[in-house]
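These notes concern the structure reproduced below.
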Number of protein chains: 2
Amino acid sequence: MLESLDLDAKISKEAYRSARDELDIRLATLQRAVRDAGKPVIIVFEGWEASGIGTSISRLLAPLDPRGYKVHNFVKIDPESLYYPPMWSYWVTLPANGEIGIFDGSWYRRAFEAGRGGRERVYEQIRLFERQLTDSGAVVLKFWMHISKKEQAQRFKKMEKDPAQAWMVKKGDWQRHNQYERRLKRVEEALTATSTDYSPWIAIPSHDARYAALRIGEEMAARLDAALESRVKRTTPRLPALPKVDPLGRVDLRLSMEADDYQKKLSKLQKRLFELELSIYVPRIPVIIVYEGWDASGKGGNIKRLVAGLDHRGFEVIPVGAPLGEEKTHHYLWRFWKHLPKGGHITLFDRSWYGRVLVERVEKLTPEADWQRAYEEIREFECEQIEAGAVLVKFWIHISKDEQLKRFQQREQTPHKQWKITEEDWRNRAKWDQYYAAVNEMILRTSTESAPWTVVEGNQKWYARIKALQTVCEAIEKRIKR
Amino acid sequence: MLESLDLDAKISKEAYRSARDELDIRLATLQRAVRDAGKPVIIVFEGWEASGIGTSISRLLAPLDPRGYKVHNFVKIDPESLYYPPMWSYWVTLPANGEIGIFDGSWYRRAFEAGRGGRERVYEQIRLFERQLTDSGAVVLKFWMHISKKEQAQRFKKMEKDPAQAWMVKKGDWQRHNQYERRLKRVEEALTATSTDYSPWIAIPSHDARYAALRIGEEMAARLDAALESRVKRTTPRLPALPKVDPLGRVDLRLSMEADDYQKKLSKLQKRLFELELSIYVPRIPVIIVYEGWDASGKGGNIKRLVAGLDHRGFEVIPVGAPLGEEKTHHYLWRFWKHLPKGGHITLFDRSWYGRVLVERVEKLTPEADWQRAYEEIREFECEQIEAGAVLVKFWIHISKDEQLKRFQQREQTPHKQWKITEEDWRNRAKWDQYYAAVNEMILRTSTESAPWTVVEGNQKWYARIKALQTVCEAIEKRIKR
């Protein structure tokens, strides 16, 4: 891929000027079109040291409206990011719909530097990441700025002679320069492995800065044109047939517990979880607990008992409702990436990313292809958390339709519980069967070995609380022993 | 204040239990009421080491819905926060309307540790901060957990004997213990100076943990009750009479510049600003540039020329529109605190916090008392930035009503400019006189010596761009020489 590049490519000053002026107008127009279409644009710049990345970014931005782009520098690693999965820093800085995010340094640093053993998996994670983005309508552009070893040496020497630039060439740069051939092989491998039809690499011969600037601008214009005409491929969800089983139907809702037994187990388990909270801190294990369940299934009370014994510095509860503001103008997983626990902390999600295949499906808030694709995206998202060392526990608190009715009526009749019941609860209840099918499908499609669903028998709240506490304790213990 | 506390106050186990159960129900009910009323609640815990802050927070939270509170730990200083004004960390973690934010360690650390010279100003900043919060409807509760020197020594010794707790008592704790008397004086002074009618300190005798827990809960319940009945005082804006002057009327809109002169000055100033961008980095000077102006006054084009020569890693442009999502459920200044530049960086606000006294006033989006109070709040906000070392430049780009009409018509007739003109622009234009009065008042009330308005003669865009660039360069140079 890189060896076939014509590094002698160049362009005269005059030809450049006239082409450039036209291109600038085109790019400014495209930026507005992209904003109106609400497409996020992600532009990655990678390349050799001294290949001119900084200048190229400035040149590319010159015709654009600065209110619509942001440049992110990922050349150095932020120590904070080490407490999160590798893709975290990039997810949380993704541009909003209609905006342009430029990544000076990117998730490819990891690909270029990974050891032989882990490389394939890193490539895979990158492909998944970029596929998730482009599937949601984002445009991903990746430029590799290429210069020869000889050219790099000449540029370093020239910089060293200029007092204003000399400090920029460090000892490490020459060391890396001496490994040019070995690094070239790595880069070749990584670019090949991550050049996909939805997000191909564009290698830019960069000996001539004018030529490089023009090529980058032209490639960007062409890509934005294609995206606006929806010529960019999206993955069609391929869902295997569902087995003819009824996970919810198998739940034994008669399970219950006596008061004495409950009180004893509760305080014992709360103490145990508190000790586990302390013990995840040093090994920096993140713990993610997802609560899903029917309205009035007792999620709130269950969560309250789960955190009651914990040190408040170690956990956070995130209530999840309809997305608002920035959440609405980003990928649907973005807000959950933003709320992931830092290593050593516990985050409880009261409702979660599963809204995509539950409420968004049943209420038809999301096109079918999008929520169908979500099963795989969610499996991938959860897999990334687990690979990064997280404990992930997912609860579906199950109650019978009769039990729900009983609780709704009770709430209506108890003054201090009336706030808990709204019109919306009754509307949701009317769609019980549709939700039932959606929950069953969710469980079947997203229960994986490393991230299984725990269906909690919820007709009796005491039983449900003890089961949740116990499940979380065991999951953390299993992870610590690993 | 602290010496008169009855440190022997205690309560029996039985009395505690029955009082506590009732209080828990009351607090849970109040939490919901506060959520429904959309009031943010801010609770500060400060006190002596080993006074039981951690336990008290856990006890206070026990009856509450964990989905509605967050605990923030500010016992240690985050190094990142040193690149921002002292109040930044606290502003950006403020709870949303209806939520509870608990601060374990707070902005008072600075008050307790400030040297004699700076203390008064720190107190003043804290009073302003809390006044701004309570004026916007927030409830601020501050607990000082008090124990005697003797009690502290006993607790340290007891902890040292317990293998599970021994590590918690550090050498520094004993050193601080030995300075108890000196520190007590400091604390007394700080608490007295920052106990206001809108946010009084509550000193809690903490020798008996049960007594302390009950008192904290009761104080909180009483305070929330008062807030819900709006018995908390808000500042009435006191606006001095406006002088009979017309700042906008004095602007000479005939000022203009020749093409040659413009081009020469433009590239010279862009280079100068680029050099200044480099030179603010090491001394970590933040630069804040505010653009306000009439529709079609040329803000966008002006900003574009201002940043054209800059290194993209050093600046950011923030377009400001109507608040969305989280921005809507926080204090109106919150989103601007969130976007402040880190020391060494430049942030350009395309429209700003002045929306409070312009569009929100004219369009009646905000009650009169609130936007009238904003003049002082904004002066205080800007003063905080400047005290923390920032450069602050504020532009009002002025054009005549005729010039605006000409530009609107031009935009409608030029195909590639039509996107720039909407119905809203015409609607705003119809209110020209109201905006004119609001702008004049804004300039008169918020032009201070350290943060003056620069009214830019905008009928000719070249002239306006050069003036803006020049003003920014000079402001940075003046700051660097300081």
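The values are calculated or read from the model by the stated rules, or taken from the named source; none is laboratory data. Remember, predicted model here, so these are calculated numbers, not experimental data. Quick reminder, even Gly has a Cβ in these numbers, built from the backbone with ideal geometry, and neighbours come from all protein chains shown. Protein only, heavy atoms only, side chains kept; ligands, DNA and RNA dropped before computing areas. Shrake-Rupley method; radii C 1.70, N 1.55, O 1.52, S 1.80 Å.
Here are some notes:
- Residue that is least open to solvent (accessible area, probe 1.4 Å), among those in region B:105-117 that are assigned to a helix (DSSP H, G or I) and farther than 27 Å from B:R234 by Cβ: B:F112
- Tallying residues that are modelled with pLDDT under 95 and basic (K, R) within region A:430-482 yields 2.
- Just one of the listed residues (B:L214, B:L255, B:L310) is closer than 30 Å to B:K13 by Cα and in contact with a Phe, Trp or Tyr (Cβ under 7 Å, 6 or more places away or on another chain), and it is B:L214.
- Listing of helices (runs of 4 or more DSSP H) fully contained in region B:344-420 that carry 3 or more residues being among the polar types (S, T, N, Q) and free of Cβ contacts under 8 Å to residues at least 24 places away in the same chain: B:401-413
- Of the numbered criteria (1) over 30 Å from A:V455 (Cβ atoms); (2) in contact with a helix residue (DSSP H, G or I) (Cβ under 6 Å, 6 or more places away or on another chain); (3) assigned to a helix (DSSP H, G or I); (4) open to solvent by less than 30 Å² (accessible area, probe 1.4 Å), the one A:L273 fails is (1).
Per-residue answers, yes or no, for (1) closer than 19 Å to B:E384 by Cβ; (2) assigned to a helix (DSSP H, G or I); (3) in contact with a strand residue (DSSP E or B) (Cβ under 6 Å, 6 or more places away or on another chain):
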{"residue": "B:R119", "(1), (2), (3)": "yes, yes, no"}
{"residue": "B:V122", "(1), (2), (3)": "yes, yes, no"}
{"residue": "B:F129", "(1), (2), (3)": "yes, yes, no"}
{"residue": "B:L133", "(1), (2), (3)": "yes, yes, yes"}
{"residue": "B:A153", "(1), (2), (3)": "no, yes, no"}
{"residue": "B:K157", "(1), (2), (3)": "no, yes, no"}
{"residue": "B:Q175", "(1), (2), (3)": "no, yes, no"}
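- Yes/no for A:G137 being within 14 Å of chain B (Cβ to nearest Cβ) and either assigned to a loop (DSSP other than H, G, I, E, B) or modelled with pLDDT of 95 or more (or both): no
- Meets criteria (within 14 Å of chain A (Cβ to nearest Cβ), open to solvent by less than 50 Å² (accessible area, probe 1.4 Å) and on the phi < 0 side of the Ramachandran plot) for B:I102: yes
- Given (1) within 21 Å of the chain's Cα centre (by Cα); (2) aromatic (F, W, Y); (3) within 23 Å of B:D246 (Cα to Cα), number of the condition B:F381 does not satisfy: (3)
- Residue list for region B:295-310, restricted to those being farther than 27 Å from B:Y435 by Cα and at the interface with another protein chain (Cβ under 7 Å from one of its Cβ atoms): B:V307, B:A308
- A:R335 vs. criteria within 11 Å of chain B (Cβ to nearest Cβ), modelled with pLDDT of 95 or more and out of contact with any Leu (no Cβ under 7 Å at 6 or more places or on another chain): yes
- Boolean, A:L340 is within 15 Å of the chain's Cα centre (by Cα) and assigned to a loop (DSSP other than H, G, I, E, B): yes
- Whenever a residue of region B:325-339 is acidic (D, E), its partners that are open to solvent by 20 Å² or more (accessible area, probe 1.4 Å), lying with C-beta atoms within less than 7 angstrom and at least six residues away or across chains, give the pairs B:E327/B:R335.
Residues checked against (1) crowded, with 22+ Cβ neighbours inside 10 Å; (2) not aromatic (F, W, Y):
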{"site": "A:T366", "(1), (2)": "no, yes"}
{"site": "A:A369", "(1), (2)": "no, yes"}
{"site": "A:R373", "(1), (2)": "yes, yes"}
{"site": "A:E377", "(1), (2)": "yes, yes"}
{"site": "A:E384", "(1), (2)": "no, yes"}
{"site": "A:A388", "(1), (2)": "no, yes"}
{"site": "A:W396", "(1), (2)": "yes, no"}
{"site": "A:I399", "(1), (2)": "yes, yes"}
{"site": "A:D402", "(1), (2)": "no, yes"}
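- Out of B:E326, B:E316, sole residue that is open to solvent by 50 Å² or more (accessible area, probe 1.4 Å), within 13 Å of chain A (Cβ to nearest Cβ) and within 25 Å of B:K467 (Cβ to Cβ): B:E316
- Of the residues making up region B:205-238, those that are outside any helix (DSSP H, G or I), open to solvent by less than 70 Å² (accessible area, probe 1.4 Å) and either among the small types (G, A, S) or at pLDDT below 90 (or both) are B:S206, B:V232, B:T235, B:P237.
- Qualifying residue in region B:9-26 (condition: open to solvent by less than 30 Å² (accessible area, probe 1.4 Å) and in contact with a Leu (Cβ under 6 Å, 6 or more places away or on another chain)): no
- Where B:Q409 falls short, out of the listed (1) among the polar types (S, T, N, Q); (2) within 31 Å of the chain's Cα centre (by Cα); (3) surrounded by fewer than 12 Cβ atoms within 10 Å (Cβ to Cβ): (2)
- Residue list for region A:123-155, restricted to those being surrounded by fewer than 17 Cβ atoms within 10 Å (Cβ to Cβ) and among the aliphatic types (A, V, I, L, M): A:A153
- A:Y69 meets each of the listed conditions (1) within 14 Å of chain B (Cβ to nearest Cβ); (2) surrounded by fewer than 18 Cβ atoms within 10 Å (Cβ to Cβ); (3) more than 25 Å from A:E151 (Cβ to Cβ) apart from (2).
- One residue stands out among those in region B:32-52 that are surrounded by fewer than 21 Cβ atoms within 10 Å (Cβ to Cβ) and within 12 Å of another protein chain (Cβ to nearest Cβ): the one that is nearest to B:F112 (Cα to Cα), which is B:R35.
- Filtered residue count, region A:49-93, keeping only those that are out of contact with any Ser or Thr (no Cβ under 8 Å at 6 or more places or on another chain), outside any helix (DSSP H, G or I) and touching a residue at least 60 places away in the same chain (Cβ under 8 Å): 6
- Given (1) open to solvent by 100 Å² or more (accessible area, probe 1.4 Å); (2) free of Cβ contacts under 8 Å to residues at least 24 places away in the same chain, index of the condition B:Y281 fails: (2)
- Any pair with Cβ under 7 angstrom, 6 or more apart, that starts in region B:165-176 at a residue that is open to solvent by less than 90 Å² (accessible area, probe 1.4 Å) and ends at one that is of a type in the set (A, V, I, L, M): B:Q165/B:M159; B:A166/B:M159; B:M168/B:M159; B:V169/B:M159
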